[in-house]
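Asks: Below you'll find the structure I mean.
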Amino acid sequence: MLMNNSDPVFQQESQLCLTCGLCCQGVFFFQDEDPRKHNLAPEPENPLLPLACRLFQQGTNRCLIYNERPPVCKTFQCGLLNQLQREEITLEQAQAAIEKIKTLLTILLKQLPPATKTQPAFWRIQNEHDMIKLELASGNHSRLNLFMDIGWFKVMVEHHISPYSDS
């Protein structure tokens, strides 16, 4: 868990989260916290990630209500954060994994149908993967490269981002 601000481990954890921000950007799930509840103006909508938390600042990867954020936000810890805490990876390795995931995510989102307000990006990517799988089964291989890119993205997310479990 996160410790006090002067702790070196806390500083690395904070730096990792500020590098990433994927959990707040509507990639895997979304938090529909109304900014007006906190006397804040909503952020402009991101056309690729319309479910990004409205209290998340895209440019700085910071939460406008970090100290009062909802419980789901306080308790979520991705696999990379857990690996960093257990000293299984370095901060540099974690940041490199995040950069790869973000780059691939950008490439994939540009190839998908327009975003809607109903699905986080990961769900959209998963649905597209399922549709391409059916196309491939029927002999249509025109989107094989996209299928492979999505598969690689899913592997990276499963390995690096999915919440850690001891089971």
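Asks: Are any residues in segment 54-67 touching a helix residue (DSSP H, G or I) at 6+ places or on another chain (Cβ under 8 Å), more than 11 Å from CYS20 (Cβ to Cβ) and surrounded by 13 or more Cβ atoms within 10 Å (Cβ to Cβ), and if so, which ones?
Replies: ARG54, LEU55, PHE56, ARG62, CYS63, LEU64, ILE65
Asks: Does segment 126-140 include one or more residues that are on the phi < 0 side of the Ramachandran plot, modelled with pLDDT of 90 or more and not in a helix (DSSP H, G or I)?
Replies: yes
Asks: Restricting to segment 32-57, name every residue that is under 18 Å from the mean Cα position of the chain (by Cα), among the polar types (S, T, N, Q) and modelled with pLDDT under 75.
Replies: ASN46
Asks: Next question. Taking only segment 87-109 into account, find how many residues are among the charged types (D, E, K, R) and either under 13 Å from the mean Cα position of the chain (by Cα) or within 16 Å of TRP152 (Cβ to Cβ) (or both).
Replies: Within segment 87-109, residues that are among the charged types (D, E, K, R) and either under 13 Å from the mean Cα position of the chain (by Cα) or within 16 Å of TRP152 (Cβ to Cβ) (or both) number 3.
Asks: Go through (1) modelled with pLDDT of 65 or more; (2) touching a Pro at 6+ places or on another chain (Cβ under 8 Å) one by one and return the number of the condition THR19 breaks.
Replies: Every listed condition holds for THR19 apart from (2).
Asks: A follow-up question, please. Could you please tell me which pairs satisfy a Cβ distance under 6 Å, a separation of 6+ or placement on different chains, a first residue in segment 14-38 that is under 17 Å from HIS160 (Cβ atoms) and polar (S, T, N, Q), and a second residue that is at pLDDT below 85 and in a loop (DSSP other than H, G, I, E, B)?
Replies: Note: pairs meeting the criteria are GLN25/LEU49; GLN25/ALA52.
Asks: Provide a single number: the residues in segment 90-125 that are among the basic types (Lys, Arg) and either more than 18 Å from GLY21 (Cβ to Cβ) or modelled with pLDDT of 95 or more (or both).
Replies: Within segment 90-125, residues that are among the basic types (Lys, Arg) and either more than 18 Å from GLY21 (Cβ to Cβ) or modelled with pLDDT of 95 or more (or both) number 3.
Asks: Mind counting the residues in segment 82-136 that are under 15 Å from PHE28 (Cβ atoms), in contact with a helix residue (DSSP H, G or I) (Cβ under 9 Å, 6 or more places away or on another chain) and among the polar types (S, T, N, Q)?
Replies: Here the count works out to 2.
The values are calculated or read from the model by the stated rules, or taken from the named source; none is laboratory data. Note that the structure is predicted; figures quoted are calculated from it, not measured. Positions of Cβ are backbone-derived with ideal geometry, glycine not excepted, and every protein chain shown enters the neighbour counts.
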